[in-house]
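Asker: Please find one structure pasted underneath; my questions will follow.
The values are calculated or read from the model by the stated rules, or taken from the named source; none is laboratory data. These figures come from a predicted structure and were not determined experimentally. Glycine gets a Cβ as well: all are built from the backbone with ideal geometry, and neighbour counts include every protein chain shown.
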Amino acid sequence: MGLRTGTFHENYAQEMAILSSRRQWGTVAALLVFLFACPLFLSDRMLTILTTMGIAVVSIHGLNILTGYCGQISIGHSGFMAVGGYTSAILCAKLGWPFWAALPCGALAAGIAGLLFGLPSLKIKGFYLIMATIAAQFIIIWIIIQLRSITGGTDGLLVPKPVIGGIVLSSKTNYYYLVMIFVVLATITAHNIVRTRAGRAFIAIRDNDLAAEVMGVSLWSYKLQAFFIGCIYAGVAGSLLVHYVRFASIEQFPFMDSVWYLGMLIVGGMGSTAGAIFGVVALKLLDELVTVAGPILAAAVAPQAAASLALISHGMIIIIFLIFEPRGLHHRWEIIKTYFRLWPFSHQETE
Amino acid sequence: MTFFLQLVVTGLAQGMVYALIAIGFVIILKCSEVFNIAQGHFVLIGGYLGWTFLVPFGLPIWAALMAAIAVAIVMGLLIERLMLRPLIGQPVLAVVMMTIALSTVLGGLATLLWGAEYKAYHGLLPTITMKVGEISIPSESLIGLIVSVICVALLMLLFRYTKIGLAMRATAEDLQVVQSVGIKATTVYAASWVIASVVGVIGGILLGGVSGANMDLALIGLKAFAVVLLGGVNSIGGAIVAGIILGMLENVAAGYLDPLLPGGGLAQVFPFFVMIIVLVFRPHGLFGLAHIERV
């Protein structure tokens, strides 16, 4: 990734900075202001969409660290979200804990569940790990159903309104702000985790686990770390989701969500923080499109067309991306950025 | 004792169905190293195709079977050519996501074409019921058994005596050697998808004939993975043995433990527990080759 013409790095701090120019700072600041100004001019429906997107972004950042950076494929992310969501719901509803204390506990519980189901990753990889994580998803949901006395089983669990420091987060606007704060925090931490020693170890494991081990990267430790960190994000997202709906039920954490989370990562581009956000936005927008187009199609073609449209469109978009743009929207975005950076020249000398 | 035996026999029925689906999965895996998550959806499509050809079209059984197999062949060829071939040489995740996406598209097509409704065609397929003592052997298990045996026998013949079968076995052994002697790997891949699709569709027709076709047929595919892992991912014989073992274990465990558990539903997750245990302690399964890449 080259620099914009006329920008130079003169010291180490500049080299390490995420945002290297004033222009970038300005862009990010403008984006943040826009994000937090949204409730002023958007309808409740739009805010709902943005809030669910935000929750998904938090979750996907975790999956991105686990799958995109460390290469440990997980199709059980929704199950880990369920662990976080239910833990924090139970702490709030049954033990009367405040929201701010329950959320980290939920995150921690999800992280520990991730560690537990991450154990097979020490022995297996690829498809076998996928199977183990699918198994994790179903086993977690089954255990939640079994623990009827505390989780409410299939009936679900009512969760009280979240309160932080005397402010009751009952309106959509309030909760939107809360979620967006978490989105910003999650994005910053996710982007920085991969620049740490652990993050570089994750990338080494993904690219070639044997070489990584030979170089002294402890697979045992770092794979479990990746599971732990990835699932902590899932736990936070699950907890946010449960408190948003103010109800915890197993229908909020279906198996297919785990699949779509991976799909979002593929559409957005794996192993990139921006890609995770792109993927969520793209697939959630597709969801909305399907919700709008579904009834029209149902009236025009057949009543079942709406249900099938959702399945087919999601499947097709993943197929199309896998074949034509396997590196995702993020890659396309980089190409566009490079074009404008180099303009009026058409290409740069690459290493 | 009767209760136990009845559970075992019902489990055998279930296990045979799992084995049938697992066979298709193993064939694709052996030839092209693709893990086909959509195998259960071939069964789903098969179940509905059986209904389509038998009820609205009113074809006799043999003609319906032929028509369904023809559709399956076309489906297998199209899937291989359009979806899997562009991904040759891509990482595992891309291929697995492709088959997952394929499974949702197939599920969507089934919803679109047949409305995700329950379609029954009992009595159109021959049913066999046997009673030994007080245990009734369900028709499903006998048909599953017979079809599995026939399928496996045919496949054995194919692998032993035909040119394409030999090519498939060779490809499973070593892709580079095969290509250097002039066998087209893509033809082999196409053949493996066609076989898997046909096996799945036949299984679907039989299952549909016994218990009706509905969207749940696809869920059996997920359980078949536990069978595949238990039996060893590259062993057809292992898939059958593991199918029977898992089906019986699942039913016995559910029969005795479900009354003790508040939420029940152990049969639904039992295969996943088996999956985790197998993956942790014996990743190559009972009969698989042990050269799975260890980390």
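Asker: List, please: which pairs have Cβ atoms under 8 Å, are six or more places apart or on different chains, and start with a residue in region B:169-187 that is within 16 Å of B:Phe159 (Cα to Cα) and at pLDDT 85 or above and end with one that is among the polar types (S, T, N, Q) and surrounded by fewer than 16 Cβ atoms within 10 Å (Cβ to Cβ)?
Answerer: Filtered contacts from region B:169-187: B:Ala185/B:Gln179.
Asker: Between a residue in region A:273-286 that is free of Cβ contacts under 8 Å to residues at least 12 places away in the same chain and any residue that is surrounded by 18 or more Cβ atoms within 10 Å (Cβ to Cβ) and part of a helix (DSSP H, G or I), which pairs come within a Cβ distance under 6 Å, given they are 6 or more apart or on different chains?
Answerer: none
Asker: Report, by residue number, each residue of region B:52-88 that is within 28 Å of A:Phe321 (Cβ to Cβ) and surrounded by 20 or more Cβ atoms within 10 Å (Cβ to Cβ).
Answerer: Across region B:52-88, the qualifying residues are B:Ala72, B:Met75, B:Gly76, B:Ile79, B:Glu80, B:Met83, B:Leu84.
Asker: Note down all Cβ pairs under 7 Å where the first residue falls in region A:41-62 and is without any contact (Cβ under 8 Å) to a residue 24 or more places away in the chain, the second is of a type in the set (Phe, Trp, Tyr) and assigned to a helix (DSSP H, G or I), and they're at least six residues apart or on different chains.
Answerer: none
Asker: For region A:187-202, give me each residue that is among the aliphatic types (A, V, I, L, M) and surrounded by 16 or more Cβ atoms within 10 Å (Cβ to Cβ).
Answerer: Within region A:187-202, A:Ala190, A:Ile193, A:Val194, A:Ala198, A:Ala201 meet the criteria.
Asker: Can I ask one more? Among B:Gly255, B:Gly204, B:Gly237, B:Gly200, which is the only one that is away from every other protein chain (no Cβ under 14 Å), assigned to a helix (DSSP H, G or I) and out of contact with any helix residue (DSSP H, G or I) (no Cβ under 7 Å at 6 or more places or on another chain)?
Answerer: B:Gly237 is the lone residue from the list that is away from every other protein chain (no Cβ under 14 Å), assigned to a helix (DSSP H, G or I) and out of contact with any helix residue (DSSP H, G or I) (no Cβ under 7 Å at 6 or more places or on another chain).
Asker: Can you find a residue that is touching a helix residue (DSSP H, G or I) at 6+ places or on another chain (Cβ under 7 Å), within 27 Å of B:Met98 (Cβ to Cβ), surrounded by fewer than 24 Cβ atoms within 10 Å (Cβ to Cβ) and not hydroxyl-bearing (Ser, Thr, Tyr) anywhere in region A:225-232?
Answerer: Looking for residues that are touching a helix residue (DSSP H, G or I) at 6+ places or on another chain (Cβ under 7 Å), within 27 Å of B:Met98 (Cβ to Cβ), surrounded by fewer than 24 Cβ atoms within 10 Å (Cβ to Cβ) and not hydroxyl-bearing (Ser, Thr, Tyr), one finds none in region A:225-232, hence no.
Asker: How many residues, within region A:84-120, are surrounded by fewer than 19 Cβ atoms within 10 Å (Cβ to Cβ) and of a type in the set (Val, Ile, Thr)?
Answerer: Total meeting the criteria: 1.
For every residue, the table says whether it meets (1) at pLDDT 95 or above; (2) closer than 18 Å to A:Gln252 by Cα.
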{"site": "A:Ile75", "(1), (2)": "no, yes"}
{"site": "A:Ser88", "(1), (2)": "no, yes"}
{"site": "A:Leu91", "(1), (2)": "no, no"}
{"site": "A:Leu95", "(1), (2)": "no, no"}
{"site": "A:Trp100", "(1), (2)": "no, no"}
{"site": "A:Ala107", "(1), (2)": "yes, yes"}
{"site": "A:Phe117", "(1), (2)": "no, no"}
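Asker: Something else now. Of all residues being exposed (fewer than 14 other Cβ atoms within 10 Å of the Cβ) and within 14 Å of chain B (Cβ to nearest Cβ) in region A:303-351, which is farthest from the chain's Cα centre (by Cα)? Just the residue, please.
Answerer: A:Pro303
Asker: In addition: Given the condition away from chain A (no Cβ under 11 Å), at pLDDT below 90 and not in a helix (DSSP H, G or I), answer yes or no: does some residue in region B:77-93 qualify?
Answerer: Scanning region B:77-93, I find at least one residue that is away from chain A (no Cβ under 11 Å), at pLDDT below 90 and not in a helix (DSSP H, G or I), so the answer is yes.
Asker: Follow-up question, since we're still on this one. Taking the residues in region B:131-145 that are touching a Leu at 6+ places or on another chain (Cβ under 7 Å) and not β-branched (Val, Ile, Thr) as candidates, determine which candidate is modelled with the highest pLDDT.
Answerer: Only one residue tops the list, namely B:Gly144.
Asker: Looking at this structure, is B:Leu230 within 12 Å of another protein chain (Cβ to nearest Cβ), surrounded by 24 or more Cβ atoms within 10 Å (Cβ to Cβ) and hydrophobic (A, V, I, L, M, F, W, C)?
Answerer: In short, yes.
Asker: What are the residue pairs meeting all of these: first residue in region A:114-129, first residue under 20 Å from A:Glu213 (Cα atoms) and more than 7 Å from chain B (Cβ to nearest Cβ), second residue among the polar types (S, T, N, Q) and surrounded by 17 or more Cβ atoms within 10 Å (Cβ to Cβ), Cβ atoms under 7 Å, and 6 or more apart or on different chains?
Answerer: A:Ser121/A:Gln72; A:Leu129/A:Gln72; A:Leu129/A:Ser121
Asker: Just to verify a result, which residue in region A:204-217, among those that are without any contact (Cβ under 8 Å) to a residue 12 or more places away in the chain and of a type outside the set (D, E, K, R), is surrounded by the most Cβ atoms within 10 Å (Cβ to Cβ)?
Answerer: So the residue we want is A:Ala212.
Asker: For B:Leu59, all conditions in the list (1) in contact (Cβ under 8 Å) with a residue 40 or more places away in the chain; (2) among the hydrophobic types (A, V, I, L, M, F, W, C); (3) outside any helix (DSSP H, G or I) hold save one; what is the number of the exception?
Answerer: Result: B:Leu59 passes all but (1).
Asker: Please indicate, with yes or no, whether at least one residue in region A:263-281 is under 23 Å from B:Pro91 (Cβ atoms), of a type in the set (Phe, Trp, Tyr), in contact with a Phe, Trp or Tyr (Cβ under 8 Å, 6 or more places away or on another chain) and away from chain B (no Cβ under 12 Å).
Answerer: Scanning region A:263-281 turns up at least one residue that is under 23 Å from B:Pro91 (Cβ atoms), of a type in the set (Phe, Trp, Tyr), in contact with a Phe, Trp or Tyr (Cβ under 8 Å, 6 or more places away or on another chain) and away from chain B (no Cβ under 12 Å).
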